[in-house]
Amino acid sequence: MPDYLTRDRLAVLAALAVPLALAAILVPFRTSFPNTDAALAMLLVVVAVAASGYRLAGYLAAVSAAAWFDFFLTQPYERFSITHRTDIETTVLLLVIGVAVTEIAVWGRRQHVTASRRAGYLEGINSAAQAVAAGGSTPALIEQVTRQLTALLSLRSCSFQYGVAGIGRPARMLHDGSVTVGQGAWNVDAEGLPGTDIELLVESGGLFQGRFMMTPVPGARPSLEQRLLAIAFADQVGAALATSHPVDQS
């Protein structure tokens, strides 16, 4: 099981169990301190769970904390009923703040994932650029870029074909990241990649070198950023082919 699934499941378990456990611990002392102090303690639990960045767990923690705060720590005790206005306000604030903290944590987790993905993209481009600059084996670079394209665009298969373009009339990924099928544009953002072969032409200095022939998995929907990165990888191959010896293209 992936680590993130395990982490999310543990977060859900904590969201359900920890607020209940904390409320039960506070029961013997509920008459000796203000309810607002108890609410702050419950809120700390919500924040801790929400920090996982998993929205469901954060919401469950907020609801669980509000419910057990009501049941155990407000009068009448051991009933889901509140008679004092201040307790009602505290319970509502506990729920609202828990949801707000969860949304902030989810946003932060999304930003972290995006930053990590972009770092991986830059590392891939840098690796390909270094291979070109070092004058390494062009077939090895093509193999490396083929793997990168497969992962980046969610491809079922990908291969490079020297000096070929348009044969079989496949869809085409253009240099601006858009995709065409026949003479018409294809909305990748709305419909995903077309369920046909797609060619990505490889050029350098206006000279045509070949194409990557790509077959996406059903439902693949790479972002424009990912498609532009695929173009950048193809450009690296074009640069390598433009300076390589004929023997490298055999």
Could you list, ordered by first residue, the pairs with Cβ atoms under 6 Å in which the first is in the stretch 167-183 and on the phi < 0 side of the Ramachandran plot and without any contact (Cβ under 8 Å) to a residue 12 or more places away in the chain and the second is charged (D, E, K, R) and surrounded by 11 or more Cβ atoms within 10 Å (Cβ to Cβ), at least 6 apart or interchain? THR180/ARG172
Return only the number of the condition from (1) on the phi > 0 side of the Ramachandran plot; (2) in contact (Cβ under 8 Å) with a residue 40 or more places away in the chain that GLY192 does not satisfy. (2)
Residues in the stretch 10-32: is at least one loosely packed, with under 14 Cβ neighbours inside 10 Å, over 23 Å from the mean Cα position of the chain (by Cα) and either in the same structural domain as GLU225 (by TED's automatic domain parsing) or at pLDDT below 85 (or both)? yes
Here is a check on your reading of the model: is GLY205 more than 20 Å from GLN148 (Cα to Cα), free of Cβ contacts under 8 Å to residues at least 40 places away in the same chain, in the same structural domain as VAL145 (by TED's automatic domain parsing) and surrounded by fewer than 19 Cβ atoms within 10 Å (Cβ to Cβ)? yes
Pick from VAL217, VAL188: which is aliphatic (A, V, I, L, M), under 26 Å from the mean Cα position of the chain (by Cα) and crowded, with 17+ Cβ neighbours inside 10 Å? VAL188
Please give the number of the condition ARG156 fails out of (1) modelled with pLDDT of 90 or more; (2) in contact with a Phe, Trp or Tyr (Cβ under 9 Å, 6 or more places away or on another chain); (3) not in a helix (DSSP H, G or I). (2)
Restricting to the stretch 154-171, and then to whatever is buried (at least 19 other Cβ atoms within 10 Å of the Cβ) and closer than 26 Å to THR243 by Cβ, can you tell me which residue is farthest from the chain's Cα centre (by Cα)? PHE160
Being under 30 Å from ASP235 (Cβ atoms), assigned to a helix (DSSP H, G or I) and at pLDDT below 85, is that true of even one residue in the stretch 89-100? no
Give the residue, chosen from VAL12, VAL45, that is closer than 26 Å to THR86 by Cβ and among the β-branched types (Val, Ile, Thr). VAL45
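The values are calculated or read from the model by the stated rules, or taken from the named source; none is laboratory data. This one's a predicted model, so the numbers in the text were calculated from it and none came from an experiment. Cβ atoms come from the backbone with ideal geometry, glycine included; neighbour counts cover every protein chain shown.
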